[in-house]
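Visitor: Let me give you the structure first, and then I'll get to my questions.
The values are calculated or read from the model by the stated rules, or taken from the named source; none is laboratory data. Since the structure is predicted, the reported quantities are computational estimates derived from the model, not experimental observations. No Cβ is skipped: glycine too gets one built from the backbone with ideal geometry, and neighbour counts run over all protein chains shown.
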Amino acid sequence: MKKIIKGFLAVFLVLFVNSALFADNGLVNSLNGKVEVFRNNEWQTLNVYDEIFPDEVIASAFNSSVTLKFGESSVTLGGFSRLKFEEYKINNGEEKVKIELLTGYLDANIQQTSSVLSEFVIKSSDFVTSAQVADYRVTSYGKLTCNRGAVIAYSRSTYDFLQKKMGLDEEDYEEFVADSLDEFYTSDLEDLISENKASNEIPKGAIVLSAKQECKIDSNGNPTRPMDISKSKNKRAKSKLAVKSEIESEIIGIPSGK
């Protein structure tokens, strides 16, 4: 009986340790085409159910994609794209994921249960997005589209500033221009983000995209005002139609608009 109990405890400990380690790693949930991970100083082929670890870079070939799972949430890296997985932590009922999109685009599907508060941070070279419940697409060339929930977007420089501030102890914090910190926050967006229970303190200059909205972000990390996807599509369609009309007019020798 003692041997059985010891054997059971050994199995339990192995499962416990593995589950604890898994909490810090992502999992390849599905894969299409060729996807590789930079691991041990070389590129290695990824397969379904492989784990990925912090600081690893994932790259997809043309017409390829990979879905990475973090708890109940996931991100799908599109074709000819690359990301760096930075962090996945579960602590005191909070689940946090940090990813850096290096090139291309990815689709995020962020879920939240009543017992776990999820926060996804996706960084690009110029801007940062943060969400708790949302479906949205992020591109490295500055386009952000939200299909469900709400997403906060703001500049990378502001993010880096806030990360530095958070890393200071109390004494250094007081020396870190504490009187001027208010300029980095605003509290007037509470109504817009109450749907996903996001904090009502978000960086100034940030925008909140709700469902069916999109925006563009310039090289300084400044987002444009959110635009409804339907209006944006109509605007693009009218623009294409105008260009087509002008080209056709030039071909047949009739001035456009006549």
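Visitor: Return yes or no: is residue 90 in a strand (DSSP E or B) and in contact (Cβ under 8 Å) with a residue 60 or more places away in the chain?
Guide: Yes, satisfied.
Visitor: Out of everything in region 199-237 that is modelled with pLDDT of 70 or more and assigned to a helix (DSSP H, G or I), what residue ends up being farthest from residue 118 (Cα to Cα)?
Guide: In this case the residue turns out to be 231.
Visitor: For region 59-94, enumerate the residues that are of a type in the set (S, T, N, Q), surrounded by fewer than 18 Cβ atoms within 10 Å (Cβ to Cβ) and under 23 Å from residue 112 (Cα atoms).
Guide: Once the filter is applied, which keeps residues that are of a type in the set (S, T, N, Q), surrounded by fewer than 18 Cβ atoms within 10 Å (Cβ to Cβ) and under 23 Å from residue 112 (Cα atoms), region 59-94 yields 91, 92.
Visitor: Contact list please: Cβ distance under 7 Å, first residue in region 129-153 and touching a residue at least 24 places away in the same chain (Cβ under 8 Å), second residue in a loop (DSSP other than H, G, I, E, B) and among the charged types (D, E, K, R), pairs at least six apart or on different chains.
Guide: Once the first residue is touching a residue at least 24 places away in the same chain (Cβ under 8 Å) and sits in region 129-153, its partners that are in a loop (DSSP other than H, G, I, E, B) and among the charged types (D, E, K, R) give 132/197; 142/126; 142/218; 147/212.
Visitor: Quick one: which strands (runs of 3 or more DSSP E) lie wholly within region 28-70 and hold at least 1 residues that are at pLDDT below 95?
Guide: Those strands (runs of 3 or more DSSP E) span 65-70.
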